[in-house]
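These notes concern the structure reproduced below.
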Amino acid sequence: MPLEVKVSKEEKELKSYEIAAQAASDKKAWDIVTLNMEESSMMADYFVICSARNNRQTQSIADNIEEKMEENGYDIRHVEGYRAGKWILIDAGEVVAHVFVENDRQYYDLENLWCNAERIPFEGE
């Protein structure tokens, strides 16, 4: 019978998109979708897309994503849309997070635009 080794959550190395998705979830983002963009885009390997109730919440989510990515060794290359807070884009190299207020998310419909990209499930905590 093989010996089962248990790995604690702290010992598990998270992938960049998991860090971004969890950081968004921690600030109550919803409808979090991760797209594998490796075959579809030269901009990033992954897109993390999520919704927020209002501009203040998008900013809070974006702040937490930036903080958690930097804590895990990822450089934030660029942030766009923070001031307006309707669609905030956080470029952390291999992952780009898109934080939307719901109306703007529906309008831009990135999931449909990149419908051929594989969706990676996010379970959250």
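Throughout, read-outs are computed from the coordinates displayed, never taken from laboratory work. From a predicted model like this one, the values you see are computed outputs, not experimental measurements.
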- Item | In Hz, Karplus ³J(HN,Hα) per residue of the stretch 109-119 (6.51, -1.76, 1.60; θ = phi - 60°; x = Gly, Pro) | 6, 4, 4, 6, 4, 10, 5, 7, 6, 5, 8
- Message: Nearest 10 degrees is fine. How inclined is helix 16-26 to the longest principal axis of the chain, computing both from alpha carbons?
- Response: 70 degrees
- 222 nm [θ] for the chain, helices only, -39500 (n - 2.57) per DSSP H run of 4+, per residue, to 500? -9000 deg cm²/dmol
- Residue-by-residue Karplus 3J(HN,Hα) for the stretch 28-34, coefficients 6.51, -1.76, 1.60, Hz, glycine and proline x: 6, 5, 9, 6, 7, 10, 10
- Query: Restricting to lysine pairs 8 or more places apart or on different chains, what number in the stretch 1-120 have Cα atoms under 27 Å apart?
  - Reply: 17
